[in-house]
Structures are given as structure tokens and as C-alpha cells.
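This report concerns only the one structure given below.
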Amino acid sequence: EKAVLQPSEECVFTTLGINSHLFACTRDTFDSLVPLPEEIQVVPGDTEIHRAEPEDVANHLTAFHWGLFRCIHELEFVDYVFHGERGRRETANLELLLQRCSEVQHWVGTELLLCEGLGKRAHLLKKLIKIAAICKQNQDMLSFYAIVIGLNNAAVSRLRLTWEKLPGKFKNLFRKFENLTDPCRNHKTYREVLAKMKPPLIPFVPLILKDLTFLHEGSKTLLDGLVNVEKLHCIAEKVRTVRKYRSRPLCLELEASPAQLQTKAYVRQLRVIDNQNLLFELSYKLEPGSQ
């Protein structure tokens, strides 16, 4: 995909996928561009997740996402909701965290569907559920939610043989996780759990944006030339919850050993297939007859 820029243009409006890159070049060099190494199709094989302990992966996920969440200015939430995609000015930190949330969801499916052995895949499934449990314990609801959504991806949930090999204890645990992330009654269960948590915590940010969008689109900002103060108060109150979640520092003890640094590097540079059709192809190759 290419777009020709005019000399007078100062910026580019486009949406990049997880594995996308944006290049600027002259017309005569366009044909010489080649894919970057990380854009070339990933192949089955062991990654750091097979060697790392669930606690280490979960803690590094939480630490990284806390760093991203802490960098978001409160006004980014307002700007993201009040202005369309082309009208947003400074929401880079918020959009980075949203992209990361999507990345974690696809990472779960990618790792499972590139794991070829049935027993090994079932063990990895168990490990991912453990990681989700530890993220929840860390009050990192963003990672927790993203992992559960990733495990509910149709290309993963159809792997009947893999899920059957999962111990009953973990099947029950995952059912509880599904109930917690159930969107019924406006995510009532999740909201009740979140209300009992004390800072620091990382909320499921897309739900905050959903609430703000509902408040914004549900009533007008100006009524008969007057400012709808009640609406703005409600939006301000919702944004203040972000301040509350970050009112205390996150304290996670992370060692600086070579193994820990390797896990840290892995978590910050996840390999991801974000093509649903390709994920289904991998799924059917692993278990052709599963429903």
C-alpha cells in the first residue's frame, strides 16, 4: 500500500497494524524497499515462553504495561473520545497502550498455534492461564483481560483435543476468568472486582474509553448555546479514576539476572500473527477435525 505525498503536506493520516511499518521514500527508491526481518512470516518453534516461569512472564508484563499506563496524560482520554481519529492531537501514549492490548491478545493465539505437539501445547495453555491468574493477582487487569480474550479467540477455542488435556483445576479456573470478563450487564462482574481493588492497578483501558464514549455521545456538550456542565462533570469523574489507579507506585521485585533480562526482552518484543485467516489455517493444521 502506498500513498503519494504532495510537497505541501506536513503529516500522514493512516492506521498501522501491529506488524505494520511506515516508510517515507522518494519515488525512485520505492521499488527497492524489502520487508524487514520481523515482517517475514514467523515459523513454529520454541520461544522464551516455553522456558520462562509464569511468574516471571506475568511480572514483566505488568511492569511494562504499568510503564505505558503511567505515561498516559489524563487529557489523552478526553481528546481520544471528543475528537475523531483525524482530529486527535496528542493521544500517542494512549494509542500505544491500546495497540499493546491488541498485541497481547494476538500473542496468546500465535504462541499456541505455533506449538505443534499436543502435549506441549496443552502445557503452554496451562501456563498462559497461570500467567493470567498472576496478572490478576498483580492487579494488572489489562494483561489479564487481553490474555483471556486471546484464549477465547475462535482459532484457539476450537482446539478441542488441546483443551481436553487441560487439568480440571485449570478448566474451572478459566471458566471463572470468562465469567469475570463477561460483558453482560455492562461488565458488572469486572466492575465489582475492580471497585474492591486498591491502587496501584492497571484497568482494562478500552472499557474506560467505552464509558467515556457513551457519556459523550449520549448527550450534547452544548444545549441551546449553554454548556452541559453535568455531562462534563461525569466525564471528569471518570477520568479522575485513572488518577486514583496511579496514585501509588507499583512495587515489583524483578531480578537483573541474565534469565530475567531475557524474559524482559521477550515480553517487550512479542512475536505476533495478527491475521485471523492465517491463525485459522494454523489451527486446522493442528487439529483438522476439532469443532
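The values are calculated or read from the model by the stated rules, or taken from the named source; none is laboratory data. Model, not experiment: these values are computed from the prediction. A quick note on method: Cβ atoms are made from the backbone with ideal geometry, for glycine too, and the neighbour counts reach across all protein chains shown. Side chains are part of the model used for accessible areas, which takes the heavy atoms of the whole protein and leaves out ligands, DNA and RNA. Shrake-Rupley method; radii C 1.70, N 1.55, O 1.52, S 1.80 Å.
How would you rank 136-144, 223-231, 118-126, highest first, on the average number of other Cβ atoms within 10 Å across their residues?
Numbers: 136-144: 23.3, 223-231: 10.0, 118-126: 17.6.
Ranked by mean Cβ neighbours within 10 Å, highest first: 136-144, 118-126, 223-231.
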Estimated dipole of the range 12-286 in Debye, rounded to 20 [Cβ of Lys and Arg +1, of Asp and Glu -1, Cα centre]: 1180 debye
Could you sort out which of LYS2/LYS126; LYS165/LYS196; LYS2/LYS127; LYS176/LYS285 sit more than 32 Å apart by Cα distance in this structure? LYS2/LYS126; LYS165/LYS196; LYS2/LYS127
Using alpha carbons only, how many angstrom separate the centre of the range 74-136 from the centre of the range 239-289? 7 Å
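Given the rule -39500 (n - 2.57) for each run of at least 4 DSSP H residues, summed and divided by the residues of the chain, what is its mean residue ellipticity at 222 nm, to the nearest 500 deg cm²/dmol?
On the way: 14 runs with 171 residues, N = 291.
Rounded to the nearest 500, the figure is -18500 deg cm²/dmol.
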Relative contact order (%) - criterion: Cα under 8 Å, at least six apart; region: the chain: 28 percent
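Using a 1.4 Å probe, what is the accessible area per residue for the chain, in Å²? Provide the component values of the computation, followed by the final result.
On the way: 17020 Å² over 291 residues.
Result: 58 Å² per residue.
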Which percent of the accessible area of the chain is formed by carbon and sulfur heavy atoms (probe 1.4 angstrom)? 54 percent
So what are the ³J(HN,Hα) numbers for the range 216-223, from phi and the Karplus equation (6.51, -1.76, 1.60; θ = phi - 60°), rounded to whole Hz, Gly and Pro as x? 6, 7, x, 8, 7, 6, 10, 10
For a label point 7 angstrom out from the Cα of PHE82 toward its Cβ, which stretches of the range 223-243 have the backbone nitrogen within less than 16 Å? 223, 226-240
For the range 77-222, with equal point scatterers placed on the C-alpha atoms only and solvent neglected, what are the log10 I(q)/I(0) values from the Debye formula at q = 0.13, 0.14, 0.21 1/Å, to two decimals? -0.67, -0.75, -1.32
Tell me which residues come under 5 Å, amide H to amide H, from ILE202 once H is placed; ignore anything under 5 positions away on its chain. ASP140, MET141, LEU142
